[in-house]
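These notes are about the structure you will find just below.
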Amino acid sequence: MADGSTAPGTRSVAPSARNVIARAIATAGGAGYVPFAPGTAGTAVAVPLTWALADLGWAPFLAITAAVTLIGIIAASEADRFWGTHDSGRIVIDEVAGYMVTMAPIDRHDLWSLVIGFVVFRLLDQLKPPPARWIDDKMGGGTGVVLDDVAAGVWGAAIMWALSHWGVLASLPR
C-alpha cells in the first residue's frame, strides 16, 4: 500500500518491537523453538519460575499466575497473527500458565512436588479433560490457546492438592 501500511491478513517485513516482545513471551523466552516437544520445554521453563515464587503466599502467587495468563493471551494472539497460524506449537506461554495453576495449592519449595506437578500437568495437557478440550476446539485466538492449558491446570491443581492433603507428597523420600 502506498501509505506504508499492510493489507489485512498480511504482516510487515520488519516486525515491530511489540511483536518481538510478544513472540519472546509467547515462546517463553525461546523455549517454544525447541524442535521436539516444545510444550514440555515450555513447562520446564515454568518449574524454576514456580520455585522462585515459592515464598509467596497463595494470593500473590495466583495474582502473578493471572498476570502470566492475561499477558500470555495477548502474546499468543500477537504471535499467531505474526506467524499466520492458530495455536502454533511455538507458543508455550500457555504451558507456563497451566503449570503455575497446577502448582498453586501446594508447597512450591519441594523438588518432588515440582517434578510430580510437571508430570501431572503434561499428562493433563495432552489428555485435555473437560472443559479443556472444548476450550481448545471452540475458543479462538490467544484466549483459546492459553485457557485450555489453564483448564488442564485446574485439574492438575485438584490432583496436586489431593496428593498433598493425603500425605502422598510428604511421604516421598528426601
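A short reminder: the numbers here are calculations on the coordinates, not readings from a lab. Predicted model only: the values in this text are computed from it and were never measured. Cβ sites come from the backbone with ideal geometry, for glycine too, and all protein chains shown count toward neighbours.
Anything in the stretch 118-157 that is of a type in the set (Gly, Ala, Ser) and either surrounded by fewer than 20 Cβ atoms within 10 Å (Cβ to Cβ) or in contact (Cβ under 8 Å) with a residue 60 or more places away in the chain (or both)? List them, or say none.
GLY140, GLY141, GLY142 - these are the residues of the stretch 118-157 that are of a type in the set (Gly, Ala, Ser) and either surrounded by fewer than 20 Cβ atoms within 10 Å (Cβ to Cβ) or in contact (Cβ under 8 Å) with a residue 60 or more places away in the chain (or both).
With the stretch 70-174 as the region, which helices (runs of 4 or more DSSP H) entirely inside it contain at least 2 residues that are over 17 Å from ALA41 (Cα atoms) and aromatic (Phe, Trp, Tyr)? Lay out the reasoning, then the answer.
Numbers: elements: 93-103, 111-127, 132-138, 141-165.
Here the list reads 141-165.
It is to be established whether one or more residues within the stretch 87-96 are in contact with an Asp or Glu (Cβ under 7 Å, 6 or more places away or on another chain), more than 30 Å from TRP166 (Cα to Cα) and of a type in the set (S, T, N, Q).
yes
Would you please name the residue that is surrounded by the fewest Cβ atoms within 10 Å (Cβ to Cβ), looking only at residues in the stretch 52-96 that are hydroxyl-bearing (Ser, Thr, Tyr) and farther than 23 Å from VAL154 by Cβ?
THR85
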